[in-house]
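Here is the structure we will look at.
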Amino acid sequence: MSNSELRSDIWVQALLRTAQTQGAAGFVVRRGDDTAGAVLVKVALLNGTARLLVPARDGAGERLYLDLTGKTAGPDEPSIDAYLSKRASQDQDVWIVEIEDKLGRSFLVERVE
């Protein structure tokens, strides 16, 4: 089973555990559908800025994450939070995970573009 086939709840647990073992903090801000909810990742740099990473698929169907920082929202935390709030109101299944890391690491094993 590839990472793209993991249940959302298990994938989120693994992401949070990875962040914590590397010295960062990770939180579930909003819990979505356990089996197939999309997971949006906010990486807070603890200086008022953040990164916004959203899931996508490449042409071969492989899971990757798109960095929307400065494109759709951000890099300031309030604009990213507003985007995440809007997405959550539109999609009841979506997960929102926040990673707090001064180095800006996402801990994603998927490709980030």
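Taking first residues from the stretch 21-39 that are under 12 Å from Asp101 (Cα atoms) and in contact (Cβ under 8 Å) with a residue 60 or more places away in the chain and partners that are assigned to a strand (DSSP E or B) and aliphatic (A, V, I, L, M), the Cβ contacts under 6 Å between residues at least 6 apart in sequence or on separate chains come to Ala24/Ile99; Gly26/Ile99.
Can you report the number of residues in the stretch 95-111 which are crowded, with 19+ Cβ neighbours inside 10 Å, at pLDDT 95 or above and in contact with a strand residue (DSSP E or B) (Cβ under 6 Å, 6 or more places away or on another chain)? Count: 6. Only one of the numbered conditions (1) under 17 Å from Glu110 (Cα atoms); (2) in contact with a strand residue (DSSP E or B) (Cβ under 7 Å, 6 or more places away or on another chain); (3) charged (D, E, K, R) is violated by Arg30, and that is (1).
Only residues that are out of contact with any Gly (no Cβ under 7 Å at 6 or more places or on another chain) and not in a loop (DSSP other than H, G, I, E, B) were counted in the stretch 1-12, giving 7. Scanning the stretch 82-102 for residues that are without any contact (Cβ under 8 Å) to a residue 60 or more places away in the chain and assigned to a loop (DSSP other than H, G, I, E, B), we see that the one that is farthest from Val29 (Cα to Cα) is Lys102. For the residues Gly48, Gly23, the requirement of being of a type in the set (Gly, Ala, Ser) and either within 16 Å of Asp9 (Cα to Cα) or at pLDDT below 95 (or both) singles out Gly48.
The values are calculated or read from the model by the stated rules, or taken from the named source; none is laboratory data. Only a predicted model underlies this, so the values are computations on that prediction, with no experimental measurement involved. Don't worry about glycine lacking a Cβ; one is built from the backbone with ideal geometry, like all the others, and counts go over all protein chains shown.
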